[in-house]
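**Student:** Handing you this structure, nothing more for now.
The values are calculated or read from the model by the stated rules, or taken from the named source; none is laboratory data. Just so you know, these numbers come straight off a predicted model, no measurement behind them. Positions of Cβ are backbone-derived with ideal geometry, glycine not excepted, and every protein chain shown enters the neighbour counts. Each accessible area value is taken on the protein alone, full model and side chains, heavy atoms only, with ligands, DNA and RNA left out. Shrake-Rupley method; radii C 1.70, N 1.55, O 1.52, S 1.80 Å.
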Amino acid sequence: MTQRFLFVCSQNKLRSPTAEQIFSTYENMECDSAGLDSGATVELSTEQIEWADIIFVMEKRHRNKLSKKFKRVLNGKRVIVLDIPDEYEFMDEALIILLKAKVIKFLR
């Protein structure tokens, strides 16, 4: 069975697109990414939330903003805080290692 993972950060420029790119190569996984801020490369939509099995946010403040902004569509959705600070570049080797270490336990 295919799992659908949605990765969310602020601007959808560094952390979440890195996660999407890494995990989209995994078997039985579909991935998407978005940002919570207006002006994000891809702004988070209700369709993305409805599509996802698990939503990964990079920081607690992302979970809080997600809860406020999309409260009515989050019913029963699993939201996981990865605790990854905004201090990495896109496809940064250290970021990739950190993402794999934190997300791997949620793979079926």
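**Student:** From the list GLU89, GLU93, GLU47, GLU20, pick out the single residue that is of a type in the set (Asp, Glu) and within 12 Å of the chain's Cα centre (by Cα).
**Tutor:** GLU20
**Student:** Taking the conditions exactly as written (aliphatic (A, V, I, L, M) and open to solvent by less than 60 Å² (accessible area, probe 1.4 Å)), does ILE97 satisfy them or not?
**Tutor:** no
**Student:** Hey, among the residues in region 54-105 that are in contact (Cβ under 8 Å) with a residue 60 or more places away in the chain and not in a loop (DSSP other than H, G, I, E, B), which one's nearest to PHE5 (Cα to Cα)?
**Tutor:** Across region 54-105, the extreme among qualifying residues is VAL103.
**Student:** For region 40-53, give me each residue that is open to solvent by 40 Å² or more (accessible area, probe 1.4 Å), assigned to a loop (DSSP other than H, G, I, E, B) and closer than 15 Å to PHE5 by Cα.
**Tutor:** Within region 40-53, just ASP53 meets the criteria.
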